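Here the structure comes first, spelled out in structure tokens, and everything after it is commentary.
The values are calculated or read from the model by the stated rules, or taken from the named source; none is laboratory data. This structure is a prediction, so every number in the text was calculated from the model and none was measured. A quick note on method: Cβ atoms are made from the backbone with ideal geometry, for glycine too, and the neighbour counts reach across all protein chains shown.
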Amino acid sequence: MFVAVKIAESLLIPPGLFVLALVLAGLFGLRRYAWLARTNIAIALIIAIVSTQWFANLLLRPLESAYPQPKHPHADAIVVLGGGFTTGTPDVTGLGNLYGDSSVRLLAAAMLYRRLHVPILLSGGPNTRSGGRSYSFAAIGARDLAALGVPNNMIWQEPNSRNTEENASFSAIILRAHHAQTPLIMTSAYHMRRAVLDFNKFGVTATPYPVGYLVNRAASNDAFGWLPSIAGLSDTTIAVREYLGIAATQLGVRG
């Protein structure tokens, strides 16, 4: 019964619902509109494949394996690249919440600080005005780090960057101003290849410290990874976006 429920759930919630609708439309139209029916079924098959966690993991695994996480890191600063955030939403420490990726990176930085006791540079905006307040990854993250016990004088903020290229460009200026020579870059494992490319472009040689892995490396809990799901489609989108970003960075288009 459990398996049947999981399959039914997958087919009744997008993107599985779209797959089912296209397949049914294709089957009912095979006799009268054969070419259109075959097209619908082909599109359904493509959507079904790219929406599976198995397919997403195939794309994510090379990204997440590009750099190992150092077991005994040494650094004079930790650069945390920001992700998304909400504005005006209640949090334990104030208004504004960090999205999942941002929270994982911030928590990892707080834990690593306890080992290294070096400044944490929070790089991420965009600086957003809402309800008379200013929000950014850097500002919200600094507030949360302080609540986790990191001294304010050990938190540096860069609240204006809008993408990875600007993360690197603006962070490079701050690192040089503080004479930091051996920083760590901390970001999601899938994002690290692009981050390293951009930091290298601005003359920052840093040690990658990937966190927030999405793909299992031990026992898998993807028993239903062959079913289309919004999570699978989201992870596929993340991976494709990274590959496009890496290609664009290598071509000098953007970061």
Run down Ser188, Ser161 and say which single residue is modelled with pLDDT of 95 or more, more than 27 Å from Ala56 (Cα to Cα) and either in the same structural domain as Asn97 (by TED's automatic domain parsing) or touching a Lys or Arg at 6+ places or on another chain (Cβ under 8 Å) (or both). Ser161
Somewhere in the range 40-49, is a residue outside any loop (DSSP other than H, G, I, E, B), under 20 Å from the mean Cα position of the chain (by Cα) and touching a residue at least 24 places away in the same chain (Cβ under 8 Å)? no
Requiring at least 1 residues that are over 23 Å from Ala206 (Cα atoms), the strands (runs of 3 or more DSSP E) wholly within the range 55-157 are 85-91, 94-98, 128-130, 133-135
Of Asp198, Asp101, the only residue that is crowded, with 19+ Cβ neighbours inside 10 Å and either more than 18 Å from Ala77 (Cα to Cα) or without any contact (Cβ under 8 Å) to a residue 24 or more places away in the chain (or both) is Asp101
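Hey, can you tell me all the residues within the range 232-255 that are more than 15 Å from Thr164 (Cβ to Cβ) and either crowded, with 21+ Cβ neighbours inside 10 Å or modelled with pLDDT under 95 (or both)?
Gly232, Asp235, Thr236, Ala239
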Do we have Asp91 as farther than 30 Å from Leu227 by Cβ, within 24 Å of the chain's Cα centre (by Cα) and not aliphatic (A, V, I, L, M) here? yes
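Among the candidates Ala48, Ala138, Ala34, single out the residue that is surrounded by fewer than 19 Cβ atoms within 10 Å (Cβ to Cβ) and either among the acidic types (Asp, Glu) or more than 19 Å from Val196 (Cα to Cα) (or both). Please lay out each step first, then the result.
On the way: Ala48 fails: surrounded by fewer than 19 Cβ atoms within 10 Å (Cβ to Cβ); Ala138 fails: surrounded by fewer than 19 Cβ atoms within 10 Å (Cβ to Cβ).
Answer to the selection: Ala34.
Please enumerate the residues belonging to the range 161-181 that are within 16 Å of Ala109 (Cβ to Cβ) and polar (S, T, N, Q).
Asn167, Ser171
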Starting from the range 1-19, take each residue that is more than 18 Å from Ala223 (Cα to Cα) and at pLDDT 75 or above and list its partners that are surrounded by 13 or more Cβ atoms within 10 Å (Cβ to Cβ) and among the small types (Gly, Ala, Ser), counting only C-beta distances under 6 angstrom and pairs at least six apart or across chains. Pro15/Ser51; Val19/Ala44; Val19/Ala48
Could you tell me which numbered condition Thr86 fails, if it satisfies all but one of (1) within 29 Å of Tyr190 (Cα to Cα); (2) over 18 Å from the mean Cα position of the chain (by Cα)? (2)
If you check Leu58, Leu145, Leu98, which single one turns out to be in the same structural domain as Ile13 (by TED's automatic domain parsing) and among the hydrophobic types (A, V, I, L, M, F, W, C)? Leu58
Check the range 106-113 and report whether any residue there is of a type in the set (A, V, I, L, M, F, W, C), farther than 29 Å from Ser10 by Cα and in contact with a Leu (Cβ under 6 Å, 6 or more places away or on another chain). yes
Scan the range 107-122 and give yes if some residue there is surrounded by 15 or more Cβ atoms within 10 Å (Cβ to Cβ), of a type outside the set (A, V, I, L, M, F, W, C) and within 25 Å of Ile246 (Cβ to Cβ), otherwise no. no
Looking only at the range 61-74, decide whether some residue is surrounded by 17 or more Cβ atoms within 10 Å (Cβ to Cβ), in contact with a strand residue (DSSP E or B) (Cβ under 8 Å, 6 or more places away or on another chain) and more than 30 Å from Arg115 (Cα to Cα). no
